[in-house]
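Taking it in order: structure first as C-alpha coordinates, then the write-up.
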Amino acid sequence: MTVLFQARGLRKAFGNGEHRRYAVDGVDITVAEGEALALAGESGSGKSTIGLIMARLLDHDEGEILFDGQEIGKCSARRAAQQPWRAQIQMVFQDAGGAFDPRLSISDSVALPLRRLSHSRGNALTHAVEDALDRAGLAGHLFRRKPHELSGGQLARAGIARAIALRPRLLILDEPTAALDVSVQAGILHLLNELRRDLNMAMVFVSHDLNVLRVLCSRVMVMEHGNIVEEGPVGRVFASPAHPFTTRLLAALPKWPRSEGLPHQLPGSALIIHSQ
Ligand SMILES: Nc1ncnc2c1ncn2[C@@H]1O[C@H](COP(=O)(O)OP(=O)(O)OP(=O)(O)O)[C@@H](O)[C@H]1O
(Lines give C-alpha, C1' and ligand atoms only; values in the text may rest on other atoms or scores of the structure.)
Protein backbone atom coordinates (compact mmCIF):
# COMPACT_ATOMS: atom_id res chain seq x y z
CA MET A 1 0.00 0.00 0.00
CA THR A 2 1.35 3.42 -0.98
CA VAL A 3 0.17 6.17 1.34
CA LEU A 4 -1.17 9.17 -0.58
CA PHE A 5 -2.71 11.29 2.16
CA GLN A 6 -2.16 11.35 5.87
CA ALA A 7 -3.57 13.55 8.60
CA ARG A 8 -2.60 13.25 12.25
CA GLY A 9 -4.23 14.84 15.27
CA LEU A 10 -6.66 17.01 13.29
CA ARG A 11 -8.69 19.41 15.41
CA LYS A 12 -11.10 22.12 14.38
CA ALA A 13 -13.39 24.20 16.59
CA PHE A 14 -16.21 26.57 15.67
CA GLY A 15 -17.69 29.33 17.79
CA ASN A 16 -16.29 31.61 20.46
CA GLY A 17 -16.07 31.66 24.23
CA GLU A 18 -18.47 29.28 25.93
CA HIS A 19 -19.97 28.42 22.51
CA ARG A 20 -16.67 27.10 21.20
CA ARG A 21 -17.08 23.43 20.18
CA TYR A 22 -14.75 20.99 18.49
CA ALA A 23 -16.36 19.73 15.25
CA VAL A 24 -13.24 17.59 14.69
CA ASP A 25 -11.49 16.51 17.83
CA GLY A 26 -8.24 14.64 17.28
CA VAL A 27 -8.69 12.64 14.08
CA ASP A 28 -6.07 10.59 12.22
CA ILE A 29 -6.75 9.60 8.59
CA THR A 30 -4.64 7.70 6.10
CA VAL A 31 -5.69 7.25 2.47
CA ALA A 32 -3.80 4.88 0.19
CA GLU A 33 -3.19 5.55 -3.50
CA GLY A 34 -6.34 4.57 -5.46
CA GLU A 35 -8.39 3.44 -2.45
CA ALA A 36 -12.04 4.22 -1.76
CA LEU A 37 -12.47 5.28 1.85
CA ALA A 38 -15.85 5.92 3.45
CA LEU A 39 -16.36 8.57 6.11
CA ALA A 40 -19.65 7.73 7.78
CA GLY A 41 -21.57 9.31 10.62
CA GLU A 42 -24.81 11.03 11.41
CA SER A 43 -25.55 14.68 10.76
CA GLY A 44 -23.30 17.00 12.74
CA SER A 45 -20.63 14.40 13.50
CA GLY A 46 -17.97 16.44 11.68
CA LYS A 47 -17.69 14.56 8.35
CA SER A 48 -18.05 17.57 6.07
CA THR A 49 -15.62 19.58 8.17
CA ILE A 50 -13.00 16.85 7.76
CA GLY A 51 -13.69 16.67 4.01
CA LEU A 52 -13.16 20.41 3.64
CA ILE A 53 -9.97 20.31 5.70
CA MET A 54 -8.64 17.36 3.67
CA ALA A 55 -9.34 19.29 0.45
CA ARG A 56 -7.58 22.31 2.00
CA LEU A 57 -10.68 24.45 1.55
CA LEU A 58 -10.99 25.05 5.30
CA ASP A 59 -8.27 25.80 7.83
CA HIS A 60 -7.84 23.46 10.76
CA ASP A 61 -6.66 24.51 14.24
CA GLU A 62 -4.25 21.68 15.02
CA GLY A 63 -2.71 18.69 13.32
CA GLU A 64 -0.42 17.68 10.53
CA ILE A 65 -1.48 17.02 6.92
CA LEU A 66 0.75 15.24 4.43
CA PHE A 67 0.00 14.72 0.74
CA ASP A 68 2.34 12.48 -1.18
CA GLY A 69 4.81 12.86 1.69
CA GLN A 70 4.73 16.66 1.58
CA GLU A 71 3.44 18.72 4.52
CA ILE A 72 0.55 20.75 3.07
CA GLY A 73 -1.29 21.59 6.30
CA LYS A 74 0.86 24.62 7.13
CA CYS A 75 -0.39 26.37 4.01
CA SER A 76 -3.63 28.23 4.71
CA ALA A 77 -6.74 27.33 2.71
CA ARG A 78 -6.57 30.81 1.13
CA ARG A 79 -3.06 30.26 -0.20
CA ALA A 80 -3.74 26.65 -1.24
CA ALA A 81 -5.06 27.84 -4.62
CA GLN A 82 -1.55 28.82 -5.64
CA GLN A 83 0.10 25.54 -4.65
CA PRO A 84 1.27 22.94 -7.19
CA TRP A 85 -0.65 20.20 -5.33
CA ARG A 86 -3.96 22.09 -5.56
CA ALA A 87 -5.02 20.35 -8.81
CA GLN A 88 -4.29 16.96 -7.29
CA ILE A 89 -6.87 17.22 -4.50
CA GLN A 90 -10.38 18.01 -5.67
CA MET A 91 -13.77 18.01 -4.04
CA VAL A 92 -17.29 17.29 -5.30
CA PHE A 93 -20.25 18.69 -3.36
CA GLN A 94 -23.83 17.57 -2.98
CA ASP A 95 -25.26 20.73 -4.51
CA ALA A 96 -23.69 20.42 -7.95
CA GLY A 97 -26.07 23.05 -9.39
CA GLY A 98 -25.11 25.68 -6.85
CA ALA A 99 -21.43 25.06 -7.56
CA PHE A 100 -21.80 26.23 -11.18
CA ASP A 101 -21.88 29.83 -12.38
CA PRO A 102 -25.42 30.19 -13.83
CA ARG A 103 -24.13 32.48 -16.61
CA LEU A 104 -21.57 30.02 -17.96
CA SER A 105 -22.09 26.95 -20.12
CA ILE A 106 -21.15 23.64 -18.53
CA SER A 107 -18.07 23.31 -20.74
CA ASP A 108 -16.90 26.84 -19.86
CA SER A 109 -17.30 26.00 -16.17
CA VAL A 110 -15.30 22.80 -16.55
CA ALA A 111 -12.63 24.79 -18.41
CA LEU A 112 -12.17 27.32 -15.58
CA PRO A 113 -10.10 25.24 -13.14
CA LEU A 114 -8.12 23.81 -16.05
CA ARG A 115 -7.15 27.32 -17.19
CA ARG A 116 -6.34 28.43 -13.66
CA LEU A 117 -4.59 25.41 -12.25
CA SER A 118 -3.08 23.58 -15.20
CA HIS A 119 -2.72 26.63 -17.49
CA SER A 120 -4.35 24.69 -20.32
CA ARG A 121 -5.20 26.68 -23.48
CA GLY A 122 -6.49 26.23 -27.05
CA ASN A 123 -7.04 22.73 -28.45
CA ALA A 124 -5.52 21.03 -25.42
CA LEU A 125 -8.06 22.80 -23.20
CA THR A 126 -11.00 21.93 -25.47
CA HIS A 127 -9.87 18.33 -25.59
CA ALA A 128 -9.44 18.09 -21.80
CA VAL A 129 -12.91 19.60 -21.19
CA GLU A 130 -14.63 17.27 -23.67
CA ASP A 131 -12.74 14.24 -22.39
CA ALA A 132 -13.81 14.98 -18.78
CA LEU A 133 -17.46 15.55 -19.74
CA ASP A 134 -17.38 12.38 -21.86
CA ARG A 135 -15.87 10.32 -19.06
CA ALA A 136 -18.54 11.64 -16.72
CA GLY A 137 -21.12 10.24 -19.15
CA LEU A 138 -22.59 13.55 -20.28
CA ALA A 139 -23.93 13.54 -23.87
CA GLY A 140 -22.21 15.97 -26.28
CA HIS A 141 -25.34 18.05 -26.96
CA LEU A 142 -25.42 19.06 -23.27
CA PHE A 143 -21.91 20.54 -23.14
CA ARG A 144 -22.99 24.07 -24.18
CA ARG A 145 -26.03 24.19 -21.91
CA LYS A 146 -26.33 26.40 -18.85
CA PRO A 147 -26.65 24.67 -15.45
CA HIS A 148 -30.41 25.36 -15.18
CA GLU A 149 -30.92 23.48 -18.45
CA LEU A 150 -29.66 20.21 -16.96
CA SER A 151 -31.36 17.63 -14.73
CA GLY A 152 -30.07 16.87 -11.23
CA GLY A 153 -28.31 13.74 -12.42
CA GLN A 154 -26.73 15.55 -15.38
CA LEU A 155 -25.53 18.33 -13.08
CA ALA A 156 -24.01 15.76 -10.73
CA ARG A 157 -22.11 14.34 -13.73
CA ALA A 158 -21.00 17.84 -14.73
CA GLY A 159 -19.72 18.45 -11.19
CA ILE A 160 -17.76 15.21 -11.34
CA ALA A 161 -16.41 16.15 -14.79
CA ARG A 162 -15.12 19.45 -13.45
CA ALA A 163 -13.33 17.73 -10.59
CA ILE A 164 -11.76 14.94 -12.67
CA ALA A 165 -10.72 17.25 -15.52
CA LEU A 166 -7.66 18.12 -13.45
CA ARG A 167 -6.82 14.42 -13.02
CA PRO A 168 -6.67 14.64 -9.23
CA ARG A 169 -5.07 11.83 -7.29
CA LEU A 170 -7.48 12.39 -4.41
CA LEU A 171 -11.16 13.14 -4.88
CA ILE A 172 -13.28 14.00 -1.86
CA LEU A 173 -17.01 13.64 -2.35
CA ASP A 174 -19.44 15.10 0.17
CA GLU A 175 -22.83 13.37 -0.14
CA PRO A 176 -22.44 13.36 -3.94
CA THR A 177 -25.73 11.58 -4.59
CA ALA A 178 -27.86 12.67 -1.63
CA ALA A 179 -30.16 14.92 -3.65
CA LEU A 180 -30.79 12.37 -6.43
CA ASP A 181 -33.46 9.78 -7.07
CA VAL A 182 -32.40 6.27 -6.20
CA SER A 183 -32.17 5.12 -9.84
CA VAL A 184 -30.12 8.18 -10.83
CA GLN A 185 -27.93 7.58 -7.75
CA ALA A 186 -27.11 4.09 -8.99
CA GLY A 187 -25.79 5.46 -12.30
CA ILE A 188 -23.60 8.00 -10.53
CA LEU A 189 -22.23 5.36 -8.15
CA HIS A 190 -21.35 3.13 -11.11
CA LEU A 191 -19.65 6.07 -12.78
CA LEU A 192 -17.59 6.94 -9.70
CA ASN A 193 -16.50 3.37 -9.27
CA GLU A 194 -15.38 3.20 -12.92
CA LEU A 195 -13.56 6.52 -12.74
CA ARG A 196 -11.69 5.50 -9.63
CA ARG A 197 -10.40 2.37 -11.32
CA ASP A 198 -9.73 3.93 -14.74
CA LEU A 199 -7.97 7.02 -13.41
CA ASN A 200 -6.46 5.37 -10.32
CA MET A 201 -7.85 8.10 -8.08
CA ALA A 202 -8.22 7.70 -4.35
CA MET A 203 -11.71 8.70 -3.26
CA VAL A 204 -13.04 9.69 0.15
CA PHE A 205 -16.81 9.44 0.32
CA VAL A 206 -18.43 11.52 3.02
CA SER A 207 -21.96 10.33 3.69
CA HIS A 208 -24.50 9.42 6.33
CA ASP A 209 -25.91 6.87 3.87
CA LEU A 210 -24.23 3.59 4.62
CA ASN A 211 -25.87 1.97 1.60
CA VAL A 212 -23.99 4.32 -0.71
CA LEU A 213 -20.77 3.84 1.18
CA ARG A 214 -20.86 0.09 1.17
CA VAL A 215 -21.22 -0.30 -2.58
CA LEU A 216 -18.32 1.98 -3.28
CA CYS A 217 -15.80 1.71 -0.51
CA SER A 218 -13.49 -0.97 0.81
CA ARG A 219 -12.69 0.72 4.13
CA VAL A 220 -14.87 2.77 6.45
CA MET A 221 -14.24 5.23 9.26
CA VAL A 222 -17.23 5.95 11.48
CA MET A 223 -17.47 9.35 13.18
CA GLU A 224 -19.35 10.47 16.24
CA HIS A 225 -19.05 13.93 17.84
CA GLY A 226 -15.84 14.81 16.01
CA ASN A 227 -14.08 11.51 16.75
CA ILE A 228 -13.47 8.34 14.77
CA VAL A 229 -15.15 5.65 16.85
CA GLU A 230 -14.60 2.71 14.52
CA GLU A 231 -12.49 1.94 11.49
CA GLY A 232 -11.96 -1.14 9.33
CA PRO A 233 -12.82 -3.03 6.16
CA VAL A 234 -16.40 -2.28 5.07
CA GLY A 235 -17.36 -5.98 5.09
CA ARG A 236 -16.16 -6.51 8.65
CA VAL A 237 -17.51 -3.25 10.13
CA PHE A 238 -20.94 -3.65 8.55
CA ALA A 239 -21.25 -7.36 9.33
CA SER A 240 -20.10 -7.13 12.94
CA PRO A 241 -19.75 -3.55 14.17
CA ALA A 242 -17.58 -3.18 17.24
CA HIS A 243 -18.93 0.18 18.43
CA PRO A 244 -22.52 0.72 19.64
CA PHE A 245 -22.78 3.88 17.55
CA THR A 246 -22.03 1.92 14.35
CA THR A 247 -24.66 -0.63 15.35
CA ARG A 248 -27.19 2.21 15.75
CA LEU A 249 -26.30 3.69 12.36
CA LEU A 250 -26.72 0.30 10.72
CA ALA A 251 -30.02 -0.34 12.48
CA ALA A 252 -31.37 2.96 11.16
CA LEU A 253 -30.49 1.99 7.62
CA PRO A 254 -33.35 1.79 5.12
CA LYS A 255 -33.15 -1.30 2.92
CA TRP A 256 -32.67 -0.79 -0.78
CA PRO A 257 -35.35 -2.85 -2.46
CA ARG A 258 -34.39 -4.72 -5.62
CA SER A 259 -37.24 -3.10 -7.52
CA GLU A 260 -35.62 0.33 -7.32
CA GLY A 261 -32.90 -0.86 -9.62
CA LEU A 262 -29.84 -0.42 -7.45
CA PRO A 263 -26.90 -2.64 -8.16
CA HIS A 264 -26.40 -5.49 -5.74
CA GLN A 265 -22.74 -5.26 -6.26
CA LEU A 266 -20.65 -2.86 -8.25
CA PRO A 267 -17.62 -4.28 -9.97
CA GLY A 268 -14.69 -4.17 -7.58
CA SER A 269 -16.80 -3.22 -4.58
CA ALA A 270 -16.38 -4.93 -1.30
CA LEU A 271 -19.84 -5.94 -0.28
CA ILE A 272 -23.14 -7.08 -1.63
CA ILE A 273 -26.19 -5.01 -0.74
CA HIS A 274 -28.75 -7.15 0.97
CA SER A 275 -32.25 -6.68 -0.32
CA GLN A 276 -35.35 -7.14 1.76
N1 LIG B 1 -18.93 27.16 9.46
C2 LIG B 1 -19.38 26.71 10.64
N3 LIG B 1 -19.61 27.53 11.66
C4 LIG B 1 -20.03 27.08 12.86
N5 LIG B 1 -20.26 25.78 13.14
C6 LIG B 1 -20.04 24.89 12.14
C7 LIG B 1 -19.59 25.30 10.84
N8 LIG B 1 -19.46 24.19 10.06
C9 LIG B 1 -19.82 23.16 10.85
N10 LIG B 1 -20.15 23.56 12.08
C11 LIG B 1 -20.57 22.71 13.21
O12 LIG B 1 -19.64 21.65 13.33
C13 LIG B 1 -20.28 20.41 13.60
C14 LIG B 1 -19.96 19.40 12.54
O15 LIG B 1 -20.53 19.82 11.30
P16 LIG B 1 -20.31 19.04 9.93
O17 LIG B 1 -21.05 19.79 8.86
O18 LIG B 1 -18.88 18.79 9.74
O19 LIG B 1 -21.04 17.65 10.25
P20 LIG B 1 -21.54 16.54 9.25
O21 LIG B 1 -21.29 15.25 9.92
O22 LIG B 1 -20.94 16.74 7.91
O23 LIG B 1 -23.09 16.83 9.18
P24 LIG B 1 -24.05 16.94 7.89
O25 LIG B 1 -24.11 15.57 7.31
O26 LIG B 1 -25.35 17.42 8.46
O27 LIG B 1 -23.40 17.96 6.97
C28 LIG B 1 -21.78 20.74 13.70
O29 LIG B 1 -22.09 20.90 15.05
C30 LIG B 1 -21.91 22.05 12.95
O31 LIG B 1 -22.98 22.80 13.44
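Checking each residue in region 160-177 for being hydrophobic (A, V, I, L, M, F, W, C) and within 12 Å of the chain's Cα centre (by Cα) picks out 160, 163, 164, 170, 171, 172, 173.
Restricting the first member to region 41-56 and to residues that are of a type in the set (Gly, Ala, Ser), and the second to residues that are within 6 Å of the ligand (Cβ to nearest atom), the beta-carbon pairs closer than 8 Å and six or more apart or on different chains are 41/47; 41/208; 43/208; 46/23.
Is there a residue in region 86-104 that is within 25 Å of residue 245 (Cα to Cα), touching an Asp or Glu at 6+ places or on another chain (Cβ under 7 Å), in a loop (DSSP other than H, G, I, E, B) and not hydroxyl-bearing (Ser, Thr, Tyr)? Yes: one or more hits.
Under the condition of being within 20 Å of residue 202 (Cβ to Cβ) and either in contact with a Gly (Cβ under 9 Å, 6 or more places away or on another chain) or more than 12 Å from the ligand (Cβ to nearest atom) (or both), the residues counted in region 38-49 number 4. Right, residue 53: in contact with an Asp or Glu (Cβ under 8 Å, 6 or more places away or on another chain) and more than 8 Å from the ligand (Cβ to nearest atom) or not? Taking the combined requirement at face value, the residue satisfies it. Screening residue 83 on (1) within 16 Å of the ligand (Cβ to nearest atom); (2) modelled with pLDDT under 95 shows it passes everything except condition (1). For first residues located in region 2-25 and within 23 Å of residue 202 (Cα to Cα) and part of a strand (DSSP E or B), partners that are among the charged types (D, E, K, R) and within 9 Å of the ligand (Cβ to nearest atom) and lie 6+ apart or on another chain with Cβ distances below 8 Å form the pairs 24/12. For region 189-202, filtered to residues that are surrounded by fewer than 24 Cβ atoms within 10 Å (Cβ to Cβ) and among the aliphatic types (A, V, I, L, M), the residue that is farthest from the ligand (Cβ to nearest atom) is 199. Just one residue in the set 103, 115 is touching a residue at least 24 places away in the same chain (Cβ under 8 Å), over 29 Å from residue 50 (Cβ atoms), of a type in the set (D, E, K, R) and not assigned by TED's automatic domain parsing to the domain that holds residue 33; that residue is 103.
In summary, residue 99 fulfils each of the numbered conditions (1) small (Gly, Ala, Ser); (2) under 19 Å from residue 162 (Cα atoms); (3) more than 16 Å from the ligand (Cβ to nearest atom); (4) at pLDDT below 95 with the single exception of condition (3).
For residue 90, the conditions (1) within 18 Å of residue 166 (Cβ to Cβ); (2) within 14 Å of the ligand (Cβ to nearest atom) all hold with the exception of (2). Given the condition touching a Gly at 6+ places or on another chain (Cβ under 8 Å) and at pLDDT below 95, answer yes or no: does some residue in region 58-67 qualify? There is no residue in region 58-67 that is touching a Gly at 6+ places or on another chain (Cβ under 8 Å) and at pLDDT below 95. Taken as a whole, the structure places residue 220 among residues that are under 16 Å from the mean Cα position of the chain (by Cα) and either within 24 Å of residue 29 (Cα to Cα) or within 14 Å of the ligand (Cβ to nearest atom) (or both). Looking across region 9-25, just one residue is more than 13 Å from the ligand (Cβ to nearest atom) and modelled with pLDDT of 95 or more, and that is 9. In the set 52, 39, only one residue is assigned to a strand (DSSP E or B), among the hydrophobic types (A, V, I, L, M, F, W, C) and closer than 28 Å to residue 151 by Cα; that residue is 39.
Flag not set for residue 206, criterion: surrounded by fewer than 20 Cβ atoms within 10 Å (Cβ to Cβ) and β-branched (Val, Ile, Thr). For region 127-144, which positions are among the aliphatic types (A, V, I, L, M) and within 11 Å of residue 162 (Cα to Cα)? The answer is 128, 129, 132, 133, 136.
The values are calculated or read from the model by the stated rules, or taken from the named source; none is laboratory data. Computed from a predicted structure; not experimentally measured. Glycine also receives a Cβ, built like all others from the backbone with ideal geometry; neighbour counts cover every protein chain displayed.
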